[in-house]
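Here's the structure we're looking at; comments come further down.
The values are calculated or read from the model by the stated rules, or taken from the named source; none is laboratory data. If you're wondering where the values come from, they're calculated on a predicted model, not measured in any experiment. Because the Cβ atoms are built from the backbone with ideal geometry, glycine has one as well, and the counts that use them run over all protein chains shown.
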Amino acid sequence: MSPEHAMVAAMLLCGLGALLTGWVASRRTLAGWIAFGCVAGSSLLTFHAVARVLLYGPGKAFTFLTVPQMGFALRLYVDGLSAIFLGLIATVALPAALYSIAYLDHYRAYSVRRYYPNFLLFIAAMYGLVSTTDMMYFFFIFWQMMTLTGYALIRYEHDKPENLHAANKYLAMMQIACAATMIGAGMLAAKGVTGAVNSAHLIYDFDTVSEHLPLLLREHPIQVAVAFALFLVGFGIKLGTWPFGQIWLPDAHPAAPSPVSALLSGVMIKTGVYGLMRYFLWLVPPEAKADYPMAMWGAIIAVLGTITLFVGTTQALRQHQTKRLLAFSSIGQGGYILLGLGACLCLLASSDARLTNLAAFGLYGALFHTINHGLFKSLLFLNAGSILHATGTQDMNKLGGLMKHMPFTAITALIGSLSIAGVPLFNGFASKWCIYVATLQADGAARFLPICAVVAIFTSAITLALFMKFFGVSFLSRTSSLVAAQAARQPSLEVGWMMRLPQLVLATLCVGLGLFPMVALSIIHHALQASQQGFGTVLAKSTPVTWGLWRGAQGLGGNAVLAPVALVMVVGLLIVLARALTKLGGAQRRQTVPWLCGYARETYQNRYHADHFYGALKRYFHWLGGAPAKPQRPAPVAQTPSPPVNPA
Amino acid sequence: MSGKAIIEILGGLANVVIVLIVAPFFEGVLRKLTARIQSRQGPPLWQPYYDLLKLLGKEDIESGESPPMQRFAVYLSFAAIMTVACLVPFGSHAPANGIGDVLVLIYLLTLCGIATMLAGLAAGSTYSLIGMNREMMSLITLEPLLVVAMVIGAIHVHSFRLDQVLAGSVYAAAGFPWSGLIMLGVMLISFQAFVQRVPFDIAEAETEIMEGPLMEYSGPKLALFKYVQMAKLVIYSALFVALFIPWGHTGLYPLDVLIHLAKCLVMVLGVTWVAATHARYRMDQAIRYYALLVGISVIALGMAVYGY
């Protein structure tokens, strides 16, 4: 089966699943399993397509549903770039679908008829969006399919007015993005096709536009610039770039059920990355380089990315609701991807071989971070879902000490947190490392990039603070009265295996890619080899990074080294040494409650809350906005003082 | 396994041994000198060794909320700082080039902070949380200084390799090394904060929040944390020396180690002198101070990009 046929089959399977689950929706669990089966089947088909493209190169574009009068055909083409995004969608959709089955027990009052069919069509739409070559009609169809099903999923819990409000904002922003992108495509195609393209009637086809573009760039540079600006706005809205992301993203992500949040943040916003890469790098043929203001676009994207990552992450610091915090941090992480892409464009503008190599390194970093963010952010959203499932709250001020009660979720959340914070040995570090190497050594016209990189490193420390807070306040710190009450009510707070397994899979992938970044780098390398179009041809020629098991990944001809396998051996041995040292004196171990001077009672008022974290620092970034969702201080709950913590 | 790998492993091992042996001695010097400045007699130079040995045998009371995480945090803290020790040059060039570059080193230093913060969070007392917060905030504002210092070197030598950057690379500019000299100044006046001594021991603040993150730790765990604090002093000194004071190599390994340690000792004496004569800053005062330095270092970075 060719990759394109496999993708059509995957989409049809999802569509069929939508019909079936709509039909049996009265039996919730059955519908859930059917949905999972369809997602599993379509994921397998997708993996097949991805593997074929990566191993044997892309096939031929597959055209059907042709309407020549309107310049209209469903033309699918899976090349290396599409394959990466398809693989990511399939990888994240699978755990999310499994997680949904048990998680939806939470929403007994709402029918699953409005969940599973939308969920499946949502995934099918994303498959379509990253494999179609039609920049107008089918782009519109898939985009709307994704937007409308996403809208239905965000407002799934429709009794809460804030969810309706969030969904409406999402819908409005997506329509603006859709319009911007389509007007842009129209401007590139409107001038009538003169070249002899084999599919001449498809004036909105990607290949036609690409062939026509050098002429257009020479004769109407302003028009092309406006079109590209519209692409940047359209896909920027989707990706959640500052200032657009702040409008819809932080409201939409927390409103949706957690597995959907995982998909929205892990995968859906990545279609914006796909669009930007496809249009800014793959659409323009390298011969048109002289007319294409590449360095300018690169600078704009890189600076936009730097602002986005800083603002998004700093705003997240102020949040005290788990999913809202994660949503703001998604904006921030999108900024890293933009920075990598912008650096690539900037550096590619010069013809210097060293800088071209760095440019490819930047794109490797951007693609790698896209994959990584998809993995760890969906993991973290599932963790937040498990917390919500166990305690019924998203408010971190009311959480604490969950590690004792849900150790499994705690460990996966720790892995997710360390990954996103960019700790070595986890996947987030490997991709940030690529981006830093590319930007810090930038030269020539891209001399501002090292400053951007230092801002990014600074922001990475803020990300760490953010996730120390997320993980620490929820799972460590002192057990809160809410958690104690919940734990007293049920035998165990830990979620069932159907919700644990998806978290385990994603956490394993995070650690795996952290220890073996060469796997992802080699996938990206093969993908670039398999997408020879536009500047993709230039990027495919350079090999910025080499790798091996022990020597890890090496860039800049061996001048940048990351060898996680060797590193983990060293750290592991030293942990063993540390453990041996603590056993040396034969000290006895005794567990007891802390001594609080004999009289202290812990109440809501004298706890150290999520709101109290990083006060001295948050004050400096107040002007950036991003206020938390609700009034910070809920009504005092501790009318009845909790029993003394100390037995004395 | 190639000969190069064996040399790397032996070099890293030698560094760990050097740090483990020397760290308590430096702490002893620090205590003695502090006492003399304050007109006290002070403990014997070997007192920190005795303290560590005694703590290792004391009862280990786990009074926090998540004992498994508390244990893990202690081990991680020790492992992270000793991994850094493998990467930093002591005398000869940086030994373990094969496991990471400067960027990895920067993030491993962050990992030491993460371990302390996890320790504080796992203990869960209010003082621990306050201390952990302060630790995090100073990490955020301090990290850029070290990053800029190393990145300037990396830009000058077009490489991230440890043996190339941690060898006085900050002065390797094409023009006059303004950026390196600016960063030398910045790092000198922020060094106290990196090793977390008075007036920047805000996260621990014994007299105020009772050692913050370490409050609920005792016995062998406390011993390890104390060891890590002592090691931090040595390792940051070594890092500073390698980056800014690279001169005076003889080519004879044992002699070079001694010269390097002597330079580190000078750094420690400076730290002691400042610590003994100053009072602790508040968190907000410290952040304002760091922010100013970050501003200066960004200017230095800009100059480095243009070859100065």
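Residue count for region B:135-151 satisfying the condition of being within 8 Å of chain A (Cβ to nearest Cβ) and in contact (Cβ under 8 Å) with a residue 40 or more places away in the chain: 6. Within region B:162-171, if we keep just the residues that are surrounded by fewer than 23 Cβ atoms within 10 Å (Cβ to Cβ) and within 12 Å of another protein chain (Cβ to nearest Cβ), the residue that is nearest to B:P95 (Cα to Cα) turns out to be B:D163. Filtered by the rule that a residue be within 19 Å of A:A49 (Cβ to Cβ) and of a type in the set (A, V, I, L, M), region A:130-145 gives a lone residue, A:V130. Of all residues in region A:397-452, those that are closer than 26 Å to A:S522 by Cα and surrounded by fewer than 22 Cβ atoms within 10 Å (Cβ to Cβ) total 1.
Screening A:A421 on (1) closer than 18 Å to A:L466 by Cα; (2) in contact (Cβ under 8 Å) with a residue 60 or more places away in the chain; (3) aliphatic (A, V, I, L, M) shows it passes everything except condition (2). Filtered by the rule that a residue be surrounded by fewer than 24 Cβ atoms within 10 Å (Cβ to Cβ) and within 7 Å of another protein chain (Cβ to nearest Cβ), region B:81-103 gives B:N97, B:G98. Within region A:65-96, restricting attention to residues that are free of Cβ contacts under 8 Å to residues at least 40 places away in the same chain and not aliphatic (A, V, I, L, M), the residue that is surrounded by the most Cβ atoms within 10 Å (Cβ to Cβ) is A:T66. As for region A:475-486, it holds no residue that is modelled with pLDDT of 85 or more, of a type outside the set (A, V, I, L, M, F, W, C) and assigned to a helix (DSSP H, G or I).
Counted as qualifying within region A:352-470 are the helices (runs of 4 or more DSSP H) with 2 or more residues that are within 22 Å of A:M277 (Cα to Cα) and at the interface with chain B (Cβ under 10 Å from one of its Cβ atoms), namely A:427-440.
Does B:I7 count as assigned to a helix (DSSP H, G or I) and away from chain A (no Cβ under 13 Å)? First the steps, then the outcome.
Numbers: assigned to a helix (DSSP H, G or I): yes; away from chain A (no Cβ under 13 Å): yes.
Yes.
When A:M296, A:M277 are screened for being free of Cβ contacts under 8 Å to residues at least 24 places away in the same chain and more than 30 Å from A:N397 (Cβ to Cβ), only A:M296 passes.
Considering A:L624, A:L567, A:L617, which residue is of a type outside the set (G, A, S), at pLDDT 80 or above and out of contact with any strand residue (DSSP E or B) (no Cβ under 7 Å at 6 or more places or on another chain)? First the steps, then the outcome.
On the way: A:L624 fails: at pLDDT 80 or above; A:L567 fails: out of contact with any strand residue (DSSP E or B) (no Cβ under 7 Å at 6 or more places or on another chain).
Matching residue, one of A:L624, A:L567, A:L617: A:L617.
Residue-level check: of (1) more than 30 Å from B:R161 (Cα to Cα); (2) among the hydroxyl-bearing types (S, T, Y); (3) surrounded by fewer than 19 Cβ atoms within 10 Å (Cβ to Cβ), A:T582 misses just (3). Screening A:Y116, A:Y107, A:Y137, A:Y99 for residues that are more than 18 Å from A:V273 (Cα to Cα), touching a strand residue (DSSP E or B) at 6+ places or on another chain (Cβ under 9 Å) and in contact (Cβ under 8 Å) with a residue 60 or more places away in the chain leaves exactly one candidate, A:Y137.
The set of residues from region B:59-73 being surrounded by 20 or more Cβ atoms within 10 Å (Cβ to Cβ) and within 11 Å of B:T116 (Cα to Cα) comprises B:Q70, B:A73.
Kindly evaluate A:L148 against the criterion of being touching a helix residue (DSSP H, G or I) at 6+ places or on another chain (Cβ under 9 Å), in a helix (DSSP H, G or I) and aliphatic (A, V, I, L, M).
So A:L148 fits the description; yes.
Applying the criterion of being assigned to a loop (DSSP other than H, G, I, E, B) and within 14 Å of chain A (Cβ to nearest Cβ) to the residues of region B:32-80, the residue that is nearest to B:I99 (Cα to Cα) is B:S66.
Counting only helices (runs of 4 or more DSSP H) that fall entirely inside region B:162-230 and contain at least 3 residues that are in contact (Cβ under 8 Å) with a residue 40 or more places away in the chain and of a type in the set (G, A, S), the qualifying elements are B:178-194. Considering only residues of region B:272-293 that are of a type in the set (A, V, I, L, M, F, W, C) and facing chain A (nearest Cβ under 8 Å), which is farthest from A:A446 (Cα to Cα)? For region B:272-293, the residue satisfying everything is B:M283. Can we say B:L129 is among the hydrophobic types (A, V, I, L, M, F, W, C), modelled with pLDDT under 90, within 29 Å of B:L293 (Cα to Cα) and part of a helix (DSSP H, G or I)? Yes, satisfied. In region A:56-64, the count of residues that are part of a helix (DSSP H, G or I), at pLDDT 85 or above and more than 19 Å from A:Q144 (Cα to Cα) is one or more.
Would it be correct to say that B:L181 is away from every other protein chain (no Cβ under 14 Å) and in contact with a Gly (Cβ under 9 Å, 6 or more places away or on another chain)? So B:L181 fails the test.
Out of all the residues in region A:568-596, which are in contact with a Leu (Cβ under 8 Å, 6 or more places away or on another chain), in contact (Cβ under 8 Å) with a residue 24 or more places away in the chain and over 15 Å from B:V74 (Cα atoms)?
Scanning region A:568-596 gives a single hit, A:V568.
Candidates in region B:104-123 are the residues that are more than 7 Å from chain A (Cβ to nearest Cβ) and farther than 30 Å from A:G555 by Cβ; of these, the one that is surrounded by the most Cβ atoms within 10 Å (Cβ to Cβ) is B:G120. Taking every residue in region A:458-469 that is of a type in the set (D, E, K, R) and pairing it with any residue that is outside any helix (DSSP H, G or I), at least 6 positions away or on another chain, the pairs with Cβ-Cβ distances below 6 Å are A:K469/A:F613. Of the residues making up region B:124-134, those that are within 7 Å of another protein chain (Cβ to nearest Cβ) and in contact with an Asp or Glu (Cβ under 8 Å, 6 or more places away or on another chain) number 2.
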